[in-house]
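Remarks on the structure that follows.
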Amino acid sequence: MDTYNLLKTAMDVSQTRSELISNNIANVNTPNYKAKRVVFESQLSQAMDNLNLTETHKNHMQTGGTSGPYITSRNTGFQKNGNNVDVDTEMVNQAQNGLYYSAITSQLNGRYKMMNYVINH
């Protein structure tokens, strides 16, 4: 998988994470609603499934299985109605995800500028 596809996958994961966080915030008062989280590592692992990695040293990272694109939090409810959404935590997660998305966008823009430079010179 090339860098462009990896960055695209990372952007897709960030978008999914943003949608889940927004959904969590929207359901802050829904009885028994449990917050959902994106598991980026599983998304990255799925994106890397097509790579043929060779372990040449015993300390190399292992490639492995994947899980679903998101998990449902099993924490006990913070509210009396069984809901476990903490708006403050969700807002922090959304801000962090926004920074992550911006960083990926900057990386992708840099790659496109480099490609454009090579093509034109």
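Derivation of every value follows stated rules applied to the coordinates shown; laboratory data play no part. All values reported here derive from a predicted model rather than from experimental measurement. Don't worry about glycine lacking a Cβ; one is built from the backbone with ideal geometry, like all the others, and counts go over all protein chains shown.
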Cα-projected label distance for residue 109 with residue 8, points at 7 Å along beta-carbon direction, nm: 2.0
Label-to-label distance, nm, for residues given as residue 119 and residue 39 (7 Å Cα→Cβ offset): 3.9
Where labels lie 7 Å past Cα in the beta-carbon direction, separation of residue 22 and residue 96 in nm: 2.0
Order of 101, 117, 33 - criterion: other Cβ atoms within 10 Å of each residue's Cβ, fewest first: 117, 101, 33
